[in-house]
6 protein chains.
Amino acid sequence: MPIVQISMIQGRTPEMKEKLIQRVTDAIAEALQITADKVHIVLYDVPKENIGHGGIPLTKINP
Amino acid sequence: MPIVQISMIQGRTPEMKEKLIQRVTDAIAEALQITADKVHIVLYDVPKENIGHGGIPLTKINP
Amino acid sequence: MPIVQISMIQGRTPEMKEKLIQRVTDAIAEALQITADKVHIVLYDVPKENIGHGGIPLTKINP
Amino acid sequence: MPIVQISMIQGRTPEMKEKLIQRVTDAIAEALQITADKVHIVLYDVPKENIGHGGIPLTKINP
Amino acid sequence: MPIVQISMIQGRTPEMKEKLIQRVTDAIAEALQITADKVHIVLYDVPKENIGHGGIPLTKINP
Amino acid sequence: MPIVQISMIQGRTPEMKEKLIQRVTDAIAEALQITADKVHIVLYDVPKENIGHGGIPLTKINP
C-alpha cells in the first residue's frame, strides 16, 4: 500500500525516472518487508523557481 | 472542508475534468453528509513516466 | 492509477469512511472511464485546530 | 523542518513566487519560533480547470 | 484558491497553530494580491521519528 | 531538494522507520546522483480503515 510522492527539480530523463522508481520501490519493499507490487510512486516535476529553502528560491541558491 | 487531491495521468479534456470534479464532490458531500460548497478539489496531471507501480513506470506497464 | 488524498475533519466512523471510499472510487471510475481497481485512496484525519479558512482555525469558525 | 506545499493557479511570475517563498517562510519562522533555514517550500502551479470548489471548476466560477 | 499544506513536528499548542494559520494566510494574501478568504490551510502533525533529513531521522539529529 | 512523502499503514517501529528513511534516501541519492543531505522525507502513519484500493477499505481486503 505505501503511496510515495516525490517532488523534485524538473528535467530528469525517462531513464533516470525509471531508475528512481525501481530503486525507491526496492528500498521500501526491503525496509518494510512487503512485496514490490504494493508500492505506488508518483513523481512531481517542479521548476527551480517553485522551490524554496530558507526563504530563498532555488534559482538564487543554485542557478 | 475536505481537501481532495487527485494525481492522475495527464491528457484528460476539460469536460472530463469538470465531470470528475462534479461527481467526486457529490460523492463526498453525500458520504460525509456535508454541503458541496465545503469540498475543495485539486487535480494534478502527471505524465505516465512519472508513475510507478511495483517498481515499473506506467510507460512500460501500459505504453 | 489515480491516487486520491482526502484531508478531512477527524472523527468519522469506519462505516462512514468505507462509504466515502466506495462512493469516491465509483465517481472517479465513472468520470474517467477506468475500472475501480485502479483507484487508490488515502484519508487523512485532521483535528479542527489544524484547518484554516481565511486565516481562521476551524475551531473558531465552527466550534 | 516544516515542509510547506502550496497549490495555486498557474501564471505567477518568478518575482511573485520569490516574494511568496520569502513571506511564507518568514511567517512560519516567526509563528513557530524556528530559524528560516528550517523551512522548505514547494509550489505547484495548477491550471484553473484542475481546481474545483463546490463541485464547479474554477474556469466556470471565475473565467 | 491556494491550498496550503504544512507538515511539521507535532506538539504545537492550539495558540501556536492559530498564529501560524493567521500569519501564513496574511503572507500569501499579500504576496499573491488575493483576499485572505481564498486561502485554505491544513497542518499535519508528525512525530520526529517520521521525519528524515539526509537519511537520518530527526530523533537522532535533534533528540 | 527532493521532498519525499510516504503514506503507509501505521504501526511500524522507530527502527523500521529509521531503516526506511535510510534506504529511501540512499536510493534517491544514487538514482538522481545527488548527495543524501538534499533528501527530505516525511512519513504519514495511516490506519487501515483510511486506505482504499478498488473502492474497498484495507480493513476488509486484509483484516
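Every number in this text was worked out from the coordinates using simple rules, so none of it is lab data. These figures come from a predicted structure and were not determined experimentally. Neighbour counts run over all protein chains shown; Cβ positions are idealised from the backbone, glycine included.
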Exercise for the section: Round to a whole angstrom and tell me the spacing of the C-alpha centers of region B:1-18 and region C:17-36. Expected result: 13 Å
Fill in the blank from the handout: Answer in debye to the nearest 20: the dipole magnitude of the protein assembly as shown about its Cα centre, from +1 Lys/Arg and -1 Asp/Glu charges placed on Cβ, is 0 debye
Problem - Antiparallel %, DSSP beta bridges [both residues in chain D], to 5 - result: 20 percent
Handout entry: Burial ordering of A:Ile61, F:Ile6, E:Ile21, fewest other beta-carbon atoms within 10 Å first
Key = A:Ile61, F:Ile6, E:Ile21
Fill in the blank from the handout: Karplus ³J(HN,Hα) for region F:29-44 (6.51 cos²θ - 1.76 cosθ + 1.60, θ = phi - 60°; Hz, whole; x = Gly/Pro) runs 4, 6, 5, 9, 6, 10, 7, 4, 5, 7, 8, 10, 10, 10, 9, 10
Problem - Separation of the A:Thr13 and A:Asp37 label points, Cα + 7 Å toward Cβ, nm - result: 3.2 nm
Completion exercise
One can check that the equivalent ellipsoid of the protein assembly as shown, built from the alpha-carbon gyration tensor with semi-axes equal to the square roots of five times its eigenvalues, has lengths in Å, largest first, of 26, 26, 21
Practice task
Quick one: what are the phi-derived ³J(HN,Hα) couplings along region D:8-23, Karplus 6.51/-1.76/1.60 with θ = phi - 60°, whole Hz, x for glycine and proline?
Solution key: 8, 4, 5, x, 6, 6, x, 5, 5, 5, 4, 4, 4, 4, 4, 5
Problem - Cross-link pairs beyond the 31 Å C-alpha cut-off, checked among B:Lys19/F:Lys60; B:Lys60/C:Lys17; B:Lys19/E:Lys48 - result: B:Lys60/C:Lys17; B:Lys19/E:Lys48
Handout entry: Nearest-first distances (nm) between copies at E:Pro63, label 7 Å from Cα via Cβ
Key = 4.2, 4.3, 4.4, 5.4, 6.4
Completion exercise
Rounded to the nearest 5, the percent of DSSP beta bridges in the protein assembly as shown running antiparallel is 50 percent
Handout entry: Prolate/oblate/rounded call for chain D, Cα gyration tensor, a/c under 1.5 rounded
Key = prolate
Handout entry: Neighbouring partner chain Cβ atoms per residue of A:54-63, average, 10 Å criterion
Key = 5
